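The values are calculated or read from the model by the stated rules, or taken from the named source; none is laboratory data. Bear in mind that the values here come from a model prediction, so they are computed numbers and not experimental data. Glycine gets a Cβ as well: all are built from the backbone with ideal geometry, and neighbour counts include every protein chain shown. The accessibility values were calculated without ligands, DNA or RNA, using every heavy atom of the protein model including side chains. Shrake-Rupley method; radii C 1.70, N 1.55, O 1.52, S 1.80 Å.
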Amino acid sequence: MKIDDQPIPELPTRIMHGVGVSPGVALGIAYVHETGGLSVVEYCLPADRVAEEVERFRAAVQGVTEDLGKVRDEARRLPEQAAEEVSFILDAHTHMLQRSRLVRGVEALIAGKRINAEAAVKRQIDDLVAAFSAMEDGYLAARAFDVRDLGQRLVRRLGHEEDATFADLPRQSIILADELTPADTAQMDPERVVGFATEFGGTTSHTAIMARSLGIPAVVGVSGLTRSLSPGSTVIVDGTEGRVILNPTSEQMAEYRKWRAAALRRSRSLNRLRSLPSVTRDGYRVALMANIERPEETNPAVLAGAEGIGLFRSEFLYMNRDTVPDADEQTAMLTAVVERMDGQPVTFRTLDVGGDKLSRLFEVGAGPNPAMGLRAVRLSLARPDLLRTQFEAAMRAAVRGPVRVLLPMVSSLSELRQCRVHYAEVFESLKRAGVKVGDEPPPLGVMIEVPGAALNADAIAREADFLSIGTNDLTQYTLAIDRSDEQVSHLYDSMHPAVLRLIHFTTEAGRRSRAPVSVCGEVAGDPRYTGLLVGMGIAELSMAPPNLLQVKEQVRRIETDAANALVRAVLRQSDGEEIRRLVAEFNAEREE
Ligand code: PEP
Ligand code: MG
């Protein structure tokens, strides 16, 4: 029996509001995800399994010690002071693994309480964290973080990592959490997870972006969501209206069924556009591409009719793992995407870790302002080994089909120039070593997502092979509004005149230098913006695959003359409200 056919138990209904960040309505069973602590399952062991369990734990300790050794080797390549700092932390971790209170305590728990190793680690870690946190000495109190980190490594090594819990969820699960990281979201299987809601997070946070890519309805910024929740409750997540309904009434369930039928009708009607070209009414072609985070998303992108990959966020290749993917591994992953795209371009963006996208492989995100710290191309230039590995992978994969390489968060021309030097050197050294590469290196482009880069786009466009406008960060940095902070979500506005002027300035700069300009931020997949972007002369939009058909529908309703006139009128405005009104009027005139 499916969940929506089940009788509704008499439990109090609660409606909570937040910001809908991924449209659609989902009905499912609540799975409450706790962050901060370790989430593991505890079970009892038969007496004859205790010794074996202690051995399993010892093997995990040995494994983690080896992992730490590898991380220490990698850390040697960091600048001197950072290397020293990291190795100091790693020494402390390694020390904790040697017959310490932690290790002895876990073994005693396995033997004494006859519980599984994961649960014993959790109990012991919780005790130690509590003891450290209570210490008055700030330095010692901060060690609680190290202890928890070590606990996570041990649990992962035992094979029941915290992250993997999402992969094991039953079908029709809805995740309710205080917070989800992009790395968490990257593990969700839409076959199992049908929706999620969180207390924290903003509209263009990467967690929200992932939800849209996966087509999972999601609501963020739901205040008080995780208080007094019971796992297993029936829940509706309405990502269109920004609502979460706990223990829905029969009327609300009926409403949900009506919505589902309407959504099915809408998707059937959009499906008719699949084989039609993406052209305006007057025959202007607008290429619709896909944004992907993981190679597995290529297939859905092709099925949705993407004409290429406009943005492959390679940082997701570095998440949920303990080692940096080397050139061979990245080449293989990228080659698989290139081959699946069968002659259509694949835009491989170099590592953009930082801000809300963190990976346990890098010590980024710890600075006073991670969104503006050592991240993206800045990190790649500080760690040229990372950059060169990615350049190599792109050049090797390019023999199987068209590849473009895109640099994130460029803020000055000199960053592009430094990258070009590495680019040329990697290309030459591959050729010298007899590695198969193309006659020319793939085109090297720049993301325009920092206002300083947008205002300098004319100079950048003269030296970059193409530009791609990242409206998510461009909006964040232009308006000084954190894209992942729910408290200021209502102020985050890509129709702000300052943002539109920067987009316009960039497209004009590209046109003058004949550098193609695309848009790969979230506005590219929002049909409300299509008229504006086409009117500015943008011929390539890259978006989450589920948005492709609705954007195509809008492209096919537009005449370029009218779109150009809309842009002229909009650029004369100084008020976002008025812009929204003009754009809404333009769009309404084109709806059937
Ligand atoms: C952007 O900033 O608009 C963009 C496409 O990059 P990301 O969302 O990955 O930061
Ligand atoms: Mg960005």
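May I ask you to derive the FRET efficiency for Asp326 and Arg76 from their Cβ-Cβ distance with R0 = 22 Å, giving the value to the nearest 0.05?
Here the calculated transfer efficiency is 0.85.
In whole angstrom, and with the biggest value first, how far do the Cα coordinates of the chain range along each principal axis?
78, 69, 45
Considering only protein heavy atoms, with the full assembly of protein chains and a 1.4 angstrom probe, order Lys436, Lys431 by accessible area, largest first.
Lys436, Lys431
For the chain, what does the helix formula give at 222 nm: sum of -39500 (n - 2.57) over DSSP H segments with n ≥ 4, over the residue count, nearest 500 deg cm²/dmol?
So the helix-based figure for the chain works out to -14500 deg cm²/dmol.
Evaluate the charge dipole of the stretch 272-591 about its Cα centre and quote only its size in Debye, nearest 20, assuming +1 on the Cβ of each Lys and Arg and -1 on the Cβ of each Asp and Glu.
Numbers: 38 positive and 44 negative charges, 137 e Å.
Dipole of the stretch 272-591, to the nearest 20 debye: 660 debye.
Between Ala459 and Ser574, what is the FRET efficiency for a Förster distance of 25 Å, r being their Cβ-Cβ separation, to the nearest 0.05?
On the way: r = 27 Å, r/R0 = 1.07.
Here the calculated transfer efficiency is 0.40.
With every protein chain left in place and a probe of 1.4 Å, what is the accessible surface of Arg243, to the nearest 10 Å²?
So the heavy atoms of Arg243 present about 60 Å² to solvent.
Can you classify the stretch 249-325 as rounded, prolate or oblate using the Cα gyration tensor, where a ≥ b ≥ c are the square roots of its eigenvalues, rounded means a/c under 1.5, and otherwise it's prolate if a/b beats b/c and oblate if not?
The shape class here is oblate.
With every protein chain left in place, what is the accessible area per residue of the stretch 272-591 in square angstrom, probe 1.4 Å?
Computed with neighbouring chains in place, this is 38 Å² per residue.
Can you put Asp73, Asp126 in order of accessible area, largest first, using a 1.4 Å probe?
These residues rank, largest area first, as Asp73, Asp126.
I'd like to know which of Leu27, Thr530, Val194 lies farthest towards the positive end of the charge dipole of the chain, counting +1 on Cβ of Lys and Arg and -1 on Cβ of Asp and Glu.
Checked the options; the winner is Thr530.
Restricting to Cα pairs below 8 Å that are 6+ residues apart, what does the relative contact order work out to for the chain? Please round to a whole percent.
Working: 1135 pairs, mean separation 86.2, N = 592.
Reported as a whole number, the value is 15 percent.
Protein chains only, probe 1.4 Å: how do Tyr477, Tyr423 rank by accessible area, largest first?
Descending order: Tyr477, Tyr423.
With the radius of gyration and the Kirkwood radius both derived from the Cα set of the stretch 272-591, what is their ratio Rg to Rh?
Ratio of gyration radius to Kirkwood radius: 0.96.
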